[in-house]
Structures are given as structure tokens and as C-alpha cells.
1. Within the set of pairs 6+ apart or on separate chains, which have a first residue in segment A:172-187 that is acidic (Asp, Glu), a second that is surrounded by fewer than 16 Cβ atoms within 10 Å (Cβ to Cβ) and part of a loop (DSSP other than H, G, I, E, B), and C-beta atoms under 8 Å apart?
2. What strands (runs of 3 or more DSSP E) lie completely within segment B:329-374 and have 3 or more residues being out of contact with any Leu (no Cβ under 8 Å at 6 or more places or on another chain) and surrounded by 11 or more Cβ atoms within 10 Å (Cβ to Cβ)?
3. Restricting to segment A:279-292, name every residue that is loosely packed, with under 14 Cβ neighbours inside 10 Å and in a helix (DSSP H, G or I).
4. Sort through A:Met295, A:Met270, A:Met239 and tell me the only one that's surrounded by 22 or more Cβ atoms within 10 Å (Cβ to Cβ), more than 30 Å from B:Leu175 (Cβ to Cβ) and touching a residue at least 40 places away in the same chain (Cβ under 8 Å).
5. Scan segment B:304-332 for residues that are without any contact (Cβ under 8 Å) to a residue 40 or more places away in the chain and either among the β-branched types (Val, Ile, Thr) or touching a Ser or Thr at 6+ places or on another chain (Cβ under 6 Å) (or both) and jot them down.
6. Taking the condition in contact with a His (Cβ under 7 Å, 6 or more places away or on another chain) and among the aliphatic types (A, V, I, L, M), does A:Leu56 pass?
7. If you check B:Thr190 against the conditions, is it in a helix (DSSP H, G or I), in the same structural domain as B:Pro20 (by TED's automatic domain parsing) and within 30 Å of B:Ser375 (Cα to Cα)?
8. Of a type in the set (Asp, Glu) and farther than 30 Å from B:Tyr91 by Cα: is that true of A:Asp212 in this structure?
Amino acid sequence: MSETATSASPWRPWRFLSRRLNAIGLTGKGLVILAPTLWLVVFFLVPLVIVGQISLSLMAYGQPPYEPLLTFGADGTVQLTLHLSNFLFLLSDSLYINAYLSSLRVAFVSTVIALLIGYPMAYYIARAPEKYRHLLLMLVILPFWTSFLLRVYAWIGFLRGNGVINNFLMWTGLIDAPITMLQTDFAVYVGIVYTYLPFMILPLYTSLVKLDGTLLEASADLGAKPLRTFLSVTLPLSMPGIIAGSMLVFIPAIGEYVIPALLGGPDTLMIGRVLWDEFFSNRDWPVASAVAVAMLIVVVVPIMLMQRAQDAVVERR
Amino acid sequence: MKKPQTAADTRPWRDPGAKPFVRIRNVTKKFGDVFAVDDVSLDIFKGELFCLLGGSGSGKSTLLRMLAGFEDPTSGSIEIDGQDMASVPPYRRPVNMMFQSYALFPHMSVEANIAYGLKRDHLPKAEIADRVAELLRLVKLEPYGKRKPHQLSGGQRQRVALARALAKRPKLLLLDEPLGALDKKLREETQFELVKIQETLGVTFIVVTHDQEEAMSLATRIGVMREGAIAMIGEPTDVYEFPNSRFVAGFIGSVNMFEGVVVEDEPDHVRIRSTEAGCDIYVNHGVDCAPDQVLWFAIRPEKISLSRERPEGDANIAKGMVEDIAYLGDMSVYQVMLDSGKRIRVTKANALRGDPDAISWDEEVYAHWGGNAGSVLTS
């Protein structure tokens, strides 16, 4: 019986391939995991190692603009030189520490504002009739169809002295002279909140739309007024969305370069700008790399804290 | 499982002067153009365990949700304990509900779930703790107070939901398919517990269910709903033995229905000629009908007897052949093909073990019944 089946079966390249892969210990599951692993190794881990290596080097004039870590002596010795001076330099110059603290502040405040704006929007979309939800979500994502850079430039048109907002306010007579909004921290907050708001709304929406409406009814039935129901039922059950959304806003906001560069003033200090200046203006790759590595540490710590908080929330279910 | 029905005072609905606890007056609820509930009037008395019974889409859940305050009636009024409920929000009603899905708060422990309503009343902490402990004892969940709902079995969750709904000592408890999610055995046990708790606490229960067995065994009275309207209200025995329409007769239990024409209409008896039955049907009491009127005779399977010999008499005897027998252990269901071509269902209790003389497949039999065994229905 098996013989006839084999002779009648068509050529199956997939079966051949999978047999070969199985022979070297690769199953379908292994392949699925292998692809992203390879991607992360090539495009994340290797560059990270390179950056880490440069940060331990010294600036040099030439190509590449830093000294190699390994030097080969004429007598066949290999010398490994690690310079920690770049990191010490970061600690010694208050500019860098201030930039980090300022970045954390800007990212934190922006996250809180995005949460305060995004939560009602996500709540409304999740509670809207089902047929409108996709349309409303679409509107949230719609800005992504335009280049990020263009959208930030558009804000210049809104915020500048003779921009749309000032002209409107003067036309209504609310103000006599234009308010300075562009090149202030305010403009940076506007830009960051505007840009990252969808990243806050989407995870919030996902957790709010899953919220069982009968839980809200049960809460009301047990005597809770709407605000109490929100605080005791809706808010705790949407905590995973709050945490995920906050991470998605906070983390990129820390290292944000374009928005403070375009909308911020000369005194808007953010680590992304410092990094850019080190890299492109000072051409000091080692210090720029040290800034990047330090920033990674600054970002990773809050990620780990939030991740732990999220695990705790999931655990409590 | 029913409440003892000996003393007259346990059945206030029989007393025309009794004051109802819940008064539903001409309530209609429209969703768009659809009448979910259509002009329902209903009185429910204190201490009752009233079952709203109906298929899906019969409006029973909508009626319950209007009592809880989650839906507003399009027209009509609802009074609970003498107070008009119009524009009273759910959180101010003296009513608690046990949800079909239980709707337990997943992020709270069993204790916190039960205490939720009490906290809203701002009771002192010690009193809340006492009340929670008491309720856990009532539903036999003392060791599970610290668990989360997802760590409980279906039956345990059901009891938490019940305890939470009872925590505020509501005057009226609404239960939406309370036993629907439980398996059969658990459901039967829980039915007893539910009735016991209801009797102990003296709370008025309104239970929505689609399960007629559940309604029969739980209820003091049943309201059968159909297409948003009440088809019949009555005690379980009334609804089963004296249905008022073909719908009610067919919805509750199984029934054999014969169409026929009135040929004799006397004050003390009625004779119906039915070609469907293949014989005359004699009813030994008067019926509100006219000669030559077409009507229906409904008879339950257990009210029909089968015999090999033709019994005496000129009516209520239909000849046929046994087509099929379903042996259920406690009883057997016979499917008999009458000579008229109509199939009927007859059940017989298996009183003897391995009865060698039992009627078997393909035997010719006479199906017969007494003059008082069935109901004459005009609609």
C-alpha cells in the first residue's frame, strides 16, 4: 500500500527540505524562532557591541575616527586597551548629567500628558458602537501616513510668532502680541505628545475594549456611582494597557532628537541632541558612543521596572 | 423542592387583596423597531421565587435588566416596594443582580468581590469583615476567601456571585440564568441550595431561565414569556397540567396534541371528534367552547396508558403500533404510530425489573386515557 502511495505522490520540495532540516536538528518551530533571532543578532546585538567597543576607545584623526582597541605589536603581542575616560568625562561634565535628567523629565511629563489625553480617547473608541470603532482607530493611525518629519515641521507653522495659533488668537482679540511658543519646552512637549499619542492610545484601546461591560453593570448594581466604578474596576483592569502605552511613549521620548531640534529652543537640553552634536559636530565618536551606552542604561532601568510592574499586574489576574 | 403549599398565606398571589412587592405595569421596551418586551404587566409578591421562563429572544432578560435599571422601559412603569423606579439609576435601587456570566471582578479576591457592595455603603471595616465571613459560610466557601475568581471552579464562582449579590441584603434579588453554566449534576445540587438560601433569608427572587425543568423545580410561580409578552402566569403545577395555550403546553414538558371538532358541548362533558387521534375524545368536564368549533386536545405522555387488549368504552381509545422504545432507566418512552398516521409519545414508569411481559417493538397497542387526563385548548 505504501509503495503505491509513494509512486503516486507528486514531487514535494517542502517535504524534502523539512527532512533535510530535521536531519540537522532544525524543526519548523526552530526555524520560526531562528529568523527573529538572526535579525536581532545582526541588526541589534552586533551594532551594540560595535558601539560599546567604540565607547571604550579614544578619538583619533583618521578613518575610522577612533583608535582600535586591539593593537598588534611587531613582536607578535596583542594589546587590548580599554579607555574608561569617556564615561568619566560624562560624569565630570554637568552638561551630560543635566541632559539625562532633563530628558527623563521631558519624557516623563510627556508620558503623563499623553496618558491623560489618550485615556479618554481610547475609552471613547472602545465604548463606541462596534461599526465606528475601526473608523475611529483609523483616524488615530492616520497621521502615520504622512512623514514624521513633515508633521513636526507643520507644527512650526502652527506655533511660530506669526503662525496659525497666534494669528487666530490675535484675530479673536484674546491677545495683542504673539506668544512665543516655538523654541520653548512647551513646543517640545506639544511635539512629543502629538507624535507619540497613537502609541499610547492603541494599547489602552486594546485593554479597554476587552473590558467586559457586565463588570461595569455589576459594579453599578452593587451601588457604585460611575466615578467609583471607573476607579475600582475600569482603571485597574486597564493597567496593562496603561503600562504598555507609557513604555511606548516614555522610551522613545527619552532619546528623541528631531522634535527638540526642530521645535525646542537653544536651552532645551536633551540627550538625543547632545549625542548628535558629539557625533556630527565634534566628530568625537568615542564620547558619542559613551553617551549612547549610558542612555541605554538610563532607558533599560525604567523598562525593567515597568516590565516588572506589568508582570505583577498580570500575576494578579 | 417547592415551598410547602398547605397554608394559604404562603401563596399571596391567590389573595386578591395582597399588595405586590414588585409591580410591573404595561411595560414595553423597544430596540429600534423591535419590541423586546411588549406590554407586560406582572405582580410579584414578597418572598416569592418567581421564574421568568422563555426561549432566547422572548424578552425575559430584557425585563430583568429593566428591573435592575440597566435598561429604561420605553413605556409603562415599574414599582419596587411601593417606589416608582423610573429614573432611579441602578446604583440606587434596592435590587441586586446575579449575572449569567457571574461578572466577578477578576482583579479582586473572593472576599473583595463580596465586600464590594458593602464598601459602597461605607460600612465600618469590622462589620464588612463579619458580613463577608458570614456569606462565605452561607455559600460554603470559607477556605477560598483569598483566592482570585480564576482560581475557582465554575460552581464555586457561581456561589461567589450569589454571595456578592446577597451581601447588601437586597429586598429583591434578580438572577439571570443562575445555573446555566453548571453541569447537570451540579445544577441539581445547586437548585436545592438556592431554594434553601432563598427560604432562609426570605429575599424575593426573580429568576430568568430557559430551562423549564429548572423553573418547575425552583419556582413558586412561573411566568412563561413568548415574543416579549407573558403567555401564562401560574404555579408550576398549573402551567404543566393546565396550560392555557398550545404554546405553553408545548414549551413546558412534552405533549401530544390532537386537533378536533366539538361534537357534543354539555355543561358536564365535551366530546371532540378528532381524525388526528382516530377516535372521539371525551372530556368529563365542561369547556368554554361552541359546537363545531375547531380546537386542540393536549395530553402529556405519562397520562396515556398502553394495552394489548382493547379497553371498554367508545372514546379516548386510539389504536396504533409501537414504532420505537427509548429505555431511560427509570422509565421508557414509547413512540406509537396511530392508525390515523399520527405519532404519539407515551411514557411508562419501569416499576418492574426486566419485565418479560413489557410491550415491545412492532406490537399493536391501544393507547387510552381518562376523561380528565388532558387539556382542551382553544388557542
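1. A:Asp185/A:Gly265
2. Details: elements: B:331-338, B:343-349, B:364-368.
Counting at least 3 such residues, we get B:331-338, B:343-349.
3. Residues of segment A:279-292 that are loosely packed, with under 14 Cβ neighbours inside 10 Å, as a first pass: A:280-283.
If the condition is that a residue be loosely packed, with under 14 Cβ neighbours inside 10 Å and in a helix (DSSP H, G or I), then A:Phe280, A:Ser281 are the ones that fit.
4. Numbers: A:Met295 fails: surrounded by 22 or more Cβ atoms within 10 Å (Cβ to Cβ); A:Met239 fails: surrounded by 22 or more Cβ atoms within 10 Å (Cβ to Cβ).
Selected residue: A:Met270, the only one of A:Met295, A:Met270, A:Met239 that is surrounded by 22 or more Cβ atoms within 10 Å (Cβ to Cβ), more than 30 Å from B:Leu175 (Cβ to Cβ) and touching a residue at least 40 places away in the same chain (Cβ under 8 Å).
5. B:Ile325, B:Met331
6. Working: in contact with a His (Cβ under 7 Å, 6 or more places away or on another chain): yes; among the aliphatic types (A, V, I, L, M): yes.
Yes: the conditions hold for A:Leu56.
7. Working: in a helix (DSSP H, G or I): yes; in the same structural domain as B:Pro20 (by TED's automatic domain parsing): yes; within 30 Å of B:Ser375 (Cα to Cα): no.
No.
8. Values: of a type in the set (Asp, Glu): yes; farther than 30 Å from B:Tyr91 by Cα: no.
No: the conditions fail for A:Asp212.
The values are calculated or read from the model by the stated rules, or taken from the named source; none is laboratory data. Owing to the predicted nature of the structure, the values given are computational and were not obtained by experimental measurement. Ideal geometry is used to build each Cβ from the backbone, glycine not excepted, and the neighbour counts take in all protein chains shown.
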